[in-house]
Amino acid sequence: GKQWYQRRVRGETDRTTLAPYEVHRSAKFGSQTVIFSQDEVDQMKVRSDKGIYLVGFRPAKDIKTHHVAGKSLFLRPTETVYNGSTSFFVALLTRLHAREMVGLVHCVPREGTAGFIGALVPQPEERDEDNEQVRPLGFHLIHLPFADDIRKLTYEPTNQPSPAQVEAAKAVVNKLKAKQFNSSLVENPTVLQFNKTLEAIALEKDKIEETDDNTKPDVERMTKRAGSEMQQLNSAVFPSGYDVPADCKKPDYKRVITLVQNRQREGTLAKVSVADLRLYCKGVRLKVSSTAKKGDLLEAIKKFLG
């Protein structure tokens, strides 16, 4: 997908009409600009038919995390489009998984596109002790980069941690390590909120229900479980008397809760700033819309306080 530029043969001050042979096209590759004739451009526009073409195999260990050049896809067979595809699909997946190999493919997702080189990473079906499917059978189609997509980056030298700092960090990681974790059990908060919005529109609700974002860290549980280890890590990394930046400090829920309660008793709750009202709602776990105005916040807090 290089960007093409038209190049005038004549000078910029010459406004006469150019003949077709006087128009050239160029594309930038790195720091160089390469000029192509119209015939060469037409030859490069030849596209393959839509589909996935198996071109070879590689050991699975050769596919690294930094080789992912785009969004991956999950493939499953469908007999409604290709008769007999399930048998071929399962046979290929079984043999690749048994030999710890991946398939290299040329994928053309749509007509008229150049396509890309990808890796078919097999994923066998997994079931739990109750025979419930945990992971479905299929291939992960990984978008691989071309050679000119990979750059060698230079990094400025940084300070290396001391052995004591490394050990302190390991202690925190060991304390916060989850014994059993399955990322598929964490729901996408954006999708959940989108579904709640559709539900509110379909059912003509006045307000959109807020959803819990389980991707955010549970600071309270983390502090309870590894508070002393995190404090030791801070002492090992930061010098004595180091002042944490204001935007990194923990929200002062206690101050805001006391402020709101006092203002409520005095009848001056409306004088509290919107930022403090939102912080109060978060501190007492009062669900309010992220787009709520000050009046809506005041009304929700007054109902909450009775």
* Asked: Computed from these coordinates, which is volume of the Cα convex hull per residue in Å³: (i) 134; (ii) 152; (iii) 356?
  -> (iii)
* **Accessible surface of the chain, 1.4 Å probe, proportion on carbon and sulfur as whole %** => 53
* To do: Report Rg/Rh for region 124-184, rounded to two decimals, where Rg is the Cα radius of gyration and Rh the Kirkwood radius.
  => 1.18
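Mind ranking 215-228, 148-161, 101-114 by how tightly packed they are, going by the mean number of other C-beta atoms within 10 angstrom, highest first? Could the numbers behind the result be given before it?
Numbers: 215-228: 11.1, 148-161: 6.8, 101-114: 15.8.
Answer by packing, highest mean first, reads 101-114, 215-228, 148-161.
So if R0 is 41 Å, what FRET efficiency would residue 32 and residue 216 give, r being the distance between their Cβ atoms, rounded to the nearest 0.05? It would help to have the intermediate numbers written out before the result.
Numbers: r = 47 Å, r/R0 = 1.14.
The computed FRET efficiency comes out at 0.30.
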* Structure fact -> Extend 7 Å from the Cα of residue 129 along its Cα-to-C-beta direction; within region 176-191, residues with backbone N under 18 Å of that point are 179-182
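In terms of the Cα gyration tensor, with a ≥ b ≥ c the square roots of its eigenvalues, is region 171-306 rounded because a/c is under 1.5, prolate because a/b exceeds b/c, or oblate?
Working: a/c = 2.84, a/b = 1.26, b/c = 2.26.
The shape class here is oblate.
At a threshold of 8 angstrom on Cα-Cα distance, excluding pairs fewer than six apart, so keeping six or more, what relative contact order does the chain reach in percent?
The normalised contact order for the chain reaches 11 percent.
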* Structure fact -> Note: residue 178 to residue 152 extended length (0.36 nm per residue) minus current alpha-carbon separation gives 5.9 nm
* Asked: Just the accessible area per residue of the chain, please: how many Å² with a 1.4 Å probe?
  -> 78
* Where a label projected 7 Å from the Cα of residue 64 along Cα→Cβ would reach, residues of region 122-160 with amide N under 15 Å -> 144-155
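Using the beta-carbon distance between residue 282 and residue 21 and R0 = 51 Å, what value does 1/(1 + (r/R0)^6) give for FRET efficiency, to the nearest 0.05? Please list the in-between numbers first.
Numbers: r = 68 Å, r/R0 = 1.34.
Efficiency, rounded to the nearest 0.05: 0.15.
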* **residue 43/residue 304 FRET efficiency (R0 51 Å; Cβ-Cβ; nearest 0.05)** => 0.15
* Tell me, what HN-Hα J-couplings in whole Hz come from the Karplus equation 6.51 cos²θ - 1.76 cosθ + 1.60 at θ = phi - 60° for each residue of region 136-142, using x for Gly and Pro? -> x, 7, x, 10, 8, 8, 9
* **Over region 233-306: Kirkwood hydrodynamic radius from C-alpha pairwise inverse distances, Å** => 13.9
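The values are calculated or read from the model by the stated rules, or taken from the named source; none is laboratory data. Computed from a prediction, not measured in an experiment: that's the story for all the values here. Every residue, glycine among them, receives a Cβ derived from its backbone with ideal geometry; neighbour counts consider all protein chains shown. SASA here: full protein model, heavy atoms, side chains in, ligands and nucleic acids out. Shrake-Rupley method; radii C 1.70, N 1.55, O 1.52, S 1.80 Å.
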